[in-house]
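Quick one: structure below, then a few questions.
None of the figures in this text is laboratory data; all of them are computed from the coordinates on show. These figures come from a predicted structure and were not determined experimentally. Positions of Cβ are backbone-derived with ideal geometry, glycine not excepted, and every protein chain shown enters the neighbour counts.
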Amino acid sequence: MNGQDRRISRRAWLAGAGAALAWSASPARALFAIMDARPLPASVEALISQMTLVEKAGQLNLLAAAWAGGAAISLNPAGAASSFDAQLRMVRRGELTGVFNGNGAEMARRMQTEAVHRSRLKIPLLFAADVIHGLRTVFPVPLAEAASFDPDLARRTARAAAVEASASGIDWTFAPMVDIARDARWGRGVEGSGEDVLLSRLMAAARVEGFQGSGLAAPDAVAACAKHFVAYGAGEAGLDYNSVDVSERTLRDIYFPPFQAAFAAGAPTVMASFNDLSGIPATANSWLLDTILRKEWGFGGLVVSDYTGDEELIAHGFAKDGRDAARLAFLAGVDMSMQSGLYLKYLPDLVEKGEVPLARLDEAVRRVLAFKVALGLFDDPFRRIDPAREKARLRPPETLALAREAGARSIVMLRNEGEVLPLPRSGKRIALIGPFAGGGHDLIGPWNVYGTDREAVDLVTAVRETVPDTTMDDGSNLARAVAAARAADIVVLAIGETQNMSGEAQSRTEIVVPAEQQALAEAIAATGKPYVVLLRTGRALALSGAVAKAPALLVTWFLGSQDGPAIADILFGIVSPSARLPVSFPRASGQVPYYYAHRNTGRPNPPGTLQPYKAHFRDYPNSALFAFGHGLTYGNMVYSDLRLSSKTLADTPLTIRATITNTGRMTATEVVQLYIHDVVASVTQPVRVLKAFTRVTLAPGARQEVTFALTRADLSFIDRGLAPTTEPGAFRLWVAPSAEAEGLAGTFTLT
Ligand code: BGC
């Protein structure tokens with residue numbers, strides 16, 4: 001028992017021995033262990049005992065805010081239409097636990113006033129929102145930020161987002177999205193951290209810590225919600241919402257760990273995913289929500305459905321009607337229903353008819369109330385609702401500066417032949433060409449509820465700060481674009497995906513640069529002018545022709561409020577690129593799902609030419625065009641002197657050292673990566689798995705030793721009995737600049 005648990009118990013003890021016993025066995029205690037370890041006031045149990053069935057179901061009913069049309073409605077399929085006044089009436093009757101994607105502190109103030117002054121039990125409302133990559137200050141899309149390979153950056157942007165959001169009355173964010181995404185056709189990979197387990201785990205934990213700051217009760221904290229549980233990124237063919245059929249081993253190896261990391265970091269809530277898992281929708285999957293989440297992991301927090309996820313059990317062919325859907329989702333373990341209204345409508349009757357035990361209803365209500373206590377809402381329901389504070393905290397200069405820093409740290413330089421970059425700050429005529437050169441659109445990226453392109457800075461605006469006479473052409477007319485290129489010394493070509501090409505329900509069958517823009521790139525390349533491609537994208541793309549062969553190629557994603565300035569910082573060498581691909585860029589759409597940590601097959605094609613009867617496509621080797629982990633800097637990094645502390649790993653960690661030297665002419669930051677391969681195992685293992693990475697910043701000519709430590713635990717995998725294990729034997733390792741670069745290779749034996 002830790003100190004805080006003891007304090008809770010003593011508190012409970014004072015309320016009577018029976019209460020103490022009840023407390024120590026209660027799910028609420030587990031909830032507080034995971035949340036903030038604040039004592040649950042005895043008044044909560046008293047409250048539950050006074051609640052009607054409708055009021056109980058009301059605590060489990062979350063709706064999109066209806067104020068001013070409701071931002072949420074525009075982001076989701078139109079739900080149960082309800083007006084703000086209708087929602088206020090529901091609040092008064094105790095039929096609503098809170099709303100999401102609302103519209104700021106004034107709306108929250110009016111609703112909360114209704115709840116705490118005019119409802120019978122005065123239970124405070126909860127305000128949730130999709131704060132995925134910032135509120136009004138928009139940070140890079142999460143996939144871009146993962147490219148920084150810098151969890152601390154993610155912690156800082158999540159903190160800043162929470163400071164803004166909490167001042168707008170928001171208590172709870174539906175983030176981080178921690179779904180591993182290995183199929184680039186899926187549009188929602190943009191909301192997560194890419195294909196790798198380690199990177200996703202570290203980013204998940206960092207974001208949770210950032211959102212929750214010093215603790216859930218802090219007025220500037222927002223509670224995190226790990227989503228979407230689980231394997232939502234594994235939908236067949238990358239089609240959004242599609243069926244998932246992966247093995248339990250793959251769940252445990254790949255899809256579970258980022259959730260476990262989020263919970264270990266203190267995430268008190270989790271959202272069930274839309275997909276089914278081998279025929280059982282996640283929203284009604286008691287193996288997932290009870291056997292694994294509650295029993296195996298001891299998760300005491302709150303499970304919320306996704307938007308109408310319970311109602312969708314009908315379309316899945318799993319529930320026969322709304323009543324059945326509510327019963328199935330609730331009994332499987334979904335505590336709170338988002339947007340369908342089904343819990344409010346049916347749970348009271350289901351309990352009365354004995355189809356749902358009252359104890360299960362009380363348990364879910366207790367979790368919600370405990371969550372509200374942990375958020376400090378019973379102490380002060382208005383702690384995050386203050387219109388004056390809201391105004392002061394929106395888009396302050398330091399938060400915008402952080403967005404710019406995060407943007408520059410998210411840009412991945414894939415190629416820079418003949419050092420086209422950085423661009424000279426004077427003496428050359430620059431033409432910015434392409435749909436994303438200016439015009440102030442497609443800057444903030446998918447899944448941002450509150451930010452606007454209008455408040456973001458585009459490329460041409462930022463570039464002209466440094467080179468005022470830069471010309472710009474939107475590329476819509478090829479002849480005109482070519483003329484603009486001819487009149488310049490260097491072309492910066494801003495092409496790629498618009499922001500509605502990734503995000504929810506935006507799966508693509510071909511992950512390529514749109515045809516008109518490919519044609520534009522070919523025309524520009526044909527002028528013979530040196531050109532830099534800036535690639536706007538929310539996913540890995542299969543690049544070809546003049547884009548793949550561009551002398552300089554930068555992946556610029558969607559960087560948010562400071563998109564243009566962040567790109568300009570890299571273009572002009574104010575900041576050296578340091579980001580790495582968090583997803584493999586394959587050679588062709590047909591390779592997808594392609595990820596670096598694949599298994600070898602019995603017939604791998606050795607590096608080099610394609611051999612008959614080997615695992616490759618007729619037309620391509622099964623490797624990446626640009627590998628996971630790849631990214632160049634303005635320095636020139638040389639890897640040397642791999643040294644292992646031992647030839648064997650037993651109970652003391654193995655220390656791995658290497659020297660990195662910057663032989664280039666500019667200071668730069670290198671992301672040095674450690675990969676391993678378990679050569680022979682009772683379950684075949686991936687060709688490489690990332691085990692650690694570190695950033696080193698080196699001035700020209702400087703060298704530095706990097707050190708990694710590998711422990712036995714780092715070598716574990718999920719065995720045939722579905723438990724983590726390690727097996728003695730040979731391992732290979734690489735200290736390398738990407739998942740498919742040779743780097744420095746070594747071997748050791750686990751004894
Ligand atoms: C998405 C969730 C989101 C919810 C509320 C759903 O469509 O899948 O990620 O949190 O809407 O906006």
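Residues with amide H under 5 Å of ILE490's amide H, sequence separation 5 or more or different chain, H placed in the peptide plane at 1.01 Å from N; which?
ARG429, ALA431
Whole-Hz Karplus ³J(HN,Hα) for segment 600-605, in order, using 6.51 cos²θ - 1.76 cosθ + 1.60 and θ = phi - 60°, x for Gly and Pro?
Each residue of segment 600-605 in turn: 7, 6, x, 9, x, 8 Hz.
Using only helices, what value at 222 nm comes out for the chain when you add -39,500 (n - 2.57) per DSSP H run of length 4 or more and divide by the total residues, to the nearest 500 deg cm²/dmol?
-8500 deg cm²/dmol
Amide H to amide H under 5 Å from CYS225: which residues, 5+ apart in sequence or cross-chain, H placed 1.01 Å off N in plane?
Placed amide hydrogens put THR173, ALA175 under 5 Å from CYS225.
Going down the list LYS295/LYS353; LYS122/LYS372; LYS122/LYS227; LYS614/LYS691; LYS227/LYS295; LYS428/LYS529, which pairs span over 24 Å between their C-alpha atoms?
Exceeds cut-off: LYS295/LYS353; LYS122/LYS227; LYS614/LYS691.
Under 17 Å from the Cα of LYS56, which aspartates and glutamates turn up, not counting those fewer than eight places away in the same chain?
GLU45, GLU95, ASP335, ASP349, GLU352, GLU355, ASP362, GLU363
Let me ask something additional. Which value, in Å to one decimal place, does the Kirkwood hydrodynamic radius take for segment 99-163 when every pair of different Cα atoms is included?
13.8
Note the full-extension length gain between THR697 and ALA650 as 0.36 nm times their separation in residues minus their Cα-Cα distance, in nm to one decimal.
13.7 nm
Under the Karplus relation 6.51 cos²θ - 1.76 cosθ + 1.60, θ = phi - 60°, what is the ordered set of whole-Hz ³J(HN,Hα) values for segment 311-323, x standing for Gly and Pro?
Working through the residues one at a time gives 4, 5, 4, 5, 5, 4, x, 10, 10, 8, 7, x, 5 Hz.
Taking every pair of distinct Cα atoms and averaging 1/r, then inverting, what Kirkwood hydrodynamic radius in Å comes out for the chain?
Evaluated over the chain, this radius sits at 27.0 Å.
Right, something else. Collect residues whose amide H, placed 1.01 Å from N in the peptide plane, falls under 5 Å from the amide H of ILE132; neighbours closer than 5 in sequence don't count.
Close amide H contacts, sequence-distant or interchain: VAL449.
Also, I was wondering about something else. Given the Cα atoms of segment 647-750, and with Rh set as the inverse mean 1/r over their pairs in the Kirkwood sense, what is Rg to Rh to two decimals?
1.04
On to the next question. Under the Karplus relation 6.51 cos²θ - 1.76 cosθ + 1.60, θ = phi - 60°, what is the ordered set of whole-Hz ³J(HN,Hα) values for segment 212-228, x standing for Gly and Pro?
Values per residue, Gly and Pro as x: 8, x, 7, x, 4, 7, 4, x, 9, 9, 10, 6, 8, 9, 6, 8, 10 Hz.
Now a separate question. Please arrange MET111, MET177, MET51 by how many other C-beta atoms lie within 10 Å of their C-beta, fewest to most.
Going from least to most buried by this count: MET51, MET111, MET177.
Rounded to two decimal places and with Rh computed the Kirkwood way over Cα pairs, what is Rg over Rh for segment 380-462?
1.10
Taking the Cα atoms of segment 469-556 alone, what are Rg (to one decimal) and Dmax (as a whole number) in Å?
Gyration radius and largest Cα-Cα distance of segment 469-556: 13.1, 41 Å.
Which percent of Cα-Cα pairs in segment 85-194 sits in each 10 Å bin, short to long?
14, 36, 25, 18, 7, 0
Considering only C-alpha atoms, what is the centroid distance from segment 216-268 to segment 689-706, in Å?
About 31 Å separates the Cα centre of segment 216-268 from the one of segment 689-706.
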